[in-house]
Amino acid sequence: MADTTTISTPVANLPRVAIVGRPNVGKSAIFNRLVGRPIAIVHDQPGVTRDRIAAECRRRGRPAYELTDTGGIGATLDDGFAAQVRAEADIAIDTADVILFAVDARDGITTIDEDLAQVLRRSDRPVLLIANKIDTARSDPHAAEFSSFGFGDPIPLSAAHGRNFDLLEERLDAALKPLGGPIGDESRDNDPDELRGGPCRIAIVGRPNVGKSSLVNAILNDERTIVSEVAGTTRDAVDIPYSRNDRDYVLIDTAGLRRRQQMDTSVEVFSAMRTERSIRRADICLLVIDASSGVVSGDRRIARTVLDANKPCIILLNKFDLYHPDAPYRDRIEQFREETGDDLFFLPYAPRVAVSAKDRQHLGKIFKSIEAVRLGAQNPIPTGILNRLLREAIERNPPPMKGGKRLKLLYATQKREDRPQAIPVPEYLLFVNYANLLTRTYERFLEAQIRESYPMTGLPFVFNVKSRRKPEDRNARK
């Protein structure tokens, strides 16, 4: 199998396969056989919490996937053995698309095996049961007793001798094919236009009279563009197909947003609702600010709307031709930053681009910034590095005690995308002892620490925090 498997840094869009089981059933040996190399060589993600390791498996003519060995998860938890088992199973269920449940055929069924099986049966994930340490066909009947777990016929396997791995891979192929994903012999250099979910939808938002429509007109009049016919009314959020440098976009021109109390008519209220809906369906937002008047409360309110929607964002400083027009461009940028200070602290991740829609100055910088944000979104933080950065941040500045308890991080990983997106927003799953112990202040601290190494310019940082379930929760549902 070594000649048909390649190892690389795991990526977000591959199906995920997790190996679970109690200690010493041979999970790491199974992992090594499937990836085709000894674990010490294939482990290219140092620092993964609880000794989790992951590798990307691409086999000729078979579905590619990310394989994770869950050995060591929960090994140092302080609330009992059952909680350790539950934590391991919960993380596997929440992060994997297919689960390989490994048992030791020589030992027979143990209490821990039964506990894990009970948890896995309630999941909606496909489970393949592996009866390991069956070295010869004479020992195959030893696997039969595990059929009582309800996962179909166990696969009699010998990780030490490589026995029956062809059968395991056939079963794994059948479980992976409905999930889609690339085939192992396909080129990794696929056309990025096919992988990013269609044209990039750009919502141009801002308060009234900051120059949104002028900006759209300036872009559309660019001689390097191809524009189709546009339908819509001045009160609607208008979708405008647009191509530039062989990239397809959709410009969403929106109505200006004011406070609801300041809106004169019901039509304006409905226009504002459409604008808010456009923000939610956009891939990235361009927040247009009038540089000549500076940042005002209306700009901050719209920034909060973008932030609440977890949208990538670029701040456009329009009418920059009116801002200290006699000074050099770079000096004017620096001067604006000094004057605005923390006025846009709600969007610390958003880069700022200064343009003049009226004079059609620096419009190319907009699309260079969009492509930079798009590129960054295609390269999320590797799982091992994410866990290491979080662990180091927590060790330097431990979270505060709350109700006599302190937050403990079990594991962190990126959530797999359900569908291709032009600019996917990385969402990171944090598995902790109790989710309510993570305060918003401490969450911002963790984000800031991570951004020092991975700025993720233009992208929001989304944490999805999950508590480890208590053993009594499981018993209550019996």
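Every number here is computed from the coordinates shown, using simple stated rules; none is lab data. The structure displayed is predicted, hence computed values, not measured ones. Don't worry about glycine lacking a Cβ; one is built from the backbone with ideal geometry, like all the others, and counts go over all protein chains shown.
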**Study point:** Approximate spin-label separation residue 406-residue 179, in nm, with each point projected 7 Å along Cα-to-Cβ
**Key:** 3.6 nm
Point to revise | Distance between the range 401-456 and the range 276-300 - C-alpha centres, whole angstrom | key: 26 Å
Review point. So if R0 is 41 Å, what FRET efficiency would residue 439 and residue 358 give, r being the distance between their Cβ atoms, rounded to the nearest 0.05?
Key: 0.35
Revision key, fill the gap. With R₀ set to 51 angstrom, the calculated FRET efficiency between the beta-carbons of residue 365 and residue 60, to the nearest 0.05, is 0.70
Review point. Tell me, in nm to one decimal, what length is gained between residue 145 and residue 243 on full extension, where the rule is 0.36 nm per residue of separation less the Cα-Cα distance?
Key: 29.1 nm
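Among rounded, prolate and oblate, which fits the range 383-476 when a ≥ b ≥ c are the square roots of the eigenvalues of its C-alpha gyration tensor, a/c under 1.5 means rounded, and a/b larger than b/c means prolate? Walk me through the intermediate numbers first.
On the way: a/c = 2.24, a/b = 1.29, b/c = 1.74.
Taking the square roots of the gyration eigenvalues as a ≥ b ≥ c, the range 383-476 is oblate.
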Point to revise | ³J(HN,Hα), Karplus 6.51/-1.76/1.60, whole Hz, each residue of the range 115-120, x for Gly, Pro | key: 5, 4, 4, 4, 5, 5
Review point. What does the highest-first list of 152-158, 394-400 look like by mean Cβ count within 10 Å?
Key: 152-158, 394-400
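Taking other Cβ within 10 Å of each residue's Cβ, how do 415, 27 sort, fewest first? Can you show the working numbers first?
Working: 415 16, 27 24.
Ranking 415, 27 by Cβ neighbours within 10 Å, fewest first, gives 415, 27.
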Review point. Simple spin-label model, 7 Å along Cα-to-Cβ: residue 322 to residue 457 in nm?
Key: 2.8 nm
Practice item. Calculate one ³J(HN,Hα) per residue across the range 389-406 by plugging θ = phi - 60° into the Karplus curve 6.51 cos²θ - 1.76 cosθ + 1.60, and present them in order as whole Hz with x for glycine and proline. Key: 4, 5, 5, 5, 5, 5, 5, 5, 9, x, x, x, 6, 9, x, x, 10, 10
Revision key, fill the gap. Going fewest to most other Cβ atoms within 10 Å around each Cβ, 401, 273 line up as 401, 273
Practice item. Given the peptides 376-387, 162-173, arrange them by the average over their residues of other C-beta atoms within 10 Å, most packed first. Key: 376-387, 162-173
Revision key, fill the gap. Surpassing 19 Å at the alpha-carbon level, of the pairs 405/466; 27/415; 319/358; 133/177, are 27/415; 133/177
